[in-house]
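Encoded as structure tokens, the structure appears first; notes follow it.
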Amino acid sequence: MREKVVGYVRVSTYGQAKEGYSLAYQVEEIERYCQQNGLELLRIYEDRGLSGAAVDEEGLTVEREGLQEMLADLKGQNVSAVVVLNTSRLWRSEMAKVLIQRELKRHKVDVKAIEQPNYSIYAHDPNDILVNGMLELLDQYQRLEIALKLSRGRKKKAQQGGYAGGGVPFGYRAVKGQKSITIDWKCAAIVHRLFELRELFPHWSLSEYAKQLNCDGYKTAQGKPFTKVQIKRILDREDFYRGIYRYGDITAPGRYTAII
């Protein structure tokens, strides 16, 4: 069975076309190379930079439609390599190089460069180690920055009494697609009954409250009998059920319907 490969060609400037990097020339060289080396060429992807398509090789994305389509197709093609005239057709900056190589390695695909016969993305390159390290630090920074923005947003919402996230207390449910909660009337009736029992029998143990709810025929949200652990969780959220919202060190009137 012949080794399966795909080709990739690109011209980004008029000067490159004049210097012998025209798309037609690249396609011809890739086809000849595959024929001479017994490779099964599935398809040649191309990008025409002359059309004005954005190429952000210095950023965190490489915005080329042909390249993106090729990388997306690698998953189901069982391809061993991408054939190019020169690695400069795939990347010119170290940042773009590392980003593209990451995707290729994820699918265990190598690069065969006609003008660089000994090239392999699996060869150790000190520059790759440096840029990979920089990217990892940048990823960490972005995650921390996002977490910080989310935290600020949640605190602001909490200050206004809005639901800022986290576990939804028993008796409520989150509204799908919205950052808010609404009463689950079936479970809310159980919450109301529990606090009613506590007023009537303030000296009961948690287990006794659980036993009474079970005797009344009530079940948890999962359809199981209540235990003292679940009773404690509900009683500990009394302020919430009375319409007082707490988030960290923030306390505000809740913008939701109180159960008790």
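Note: relative contact order over segment 172-234, using C-alpha pairs below 8 Å and six or more positions apart, is 24 percent. Scalar couplings 3J(HN,Hα) for segment 200-206, obtained by applying the Karplus form with A = 6.51, B = -1.76, C = 1.60 to θ = phi - 60°, are 6, 10, x, 9, 5, 7, 4 Hz; x denotes Gly and Pro. Distance from the Cα centroid of segment 158-235 to that of segment 64-116 is 55 Å (rounded to whole angstrom).
Peptides 244-250, 39-45, ordered by how many other C-beta atoms sit within 10 Å of their residues on average, highest first, read 39-45, 244-250.
When you work out D = kT/(6 pi eta Rh) for segment 153-260 at 20 °C and 1.002 mPa s, using the Kirkwood radius from C-alpha pairs as Rh and the Stokes-Einstein form, the result is 147 µm²/s.
All of the numbers you see were taken from the coordinates with simple rules; none came from a lab. Because the structure is a prediction, the values reported are computed rather than measured. Using ideal geometry, Cβ is built from the backbone for each residue, glycine included, and neighbour counts are taken over all protein chains shown.
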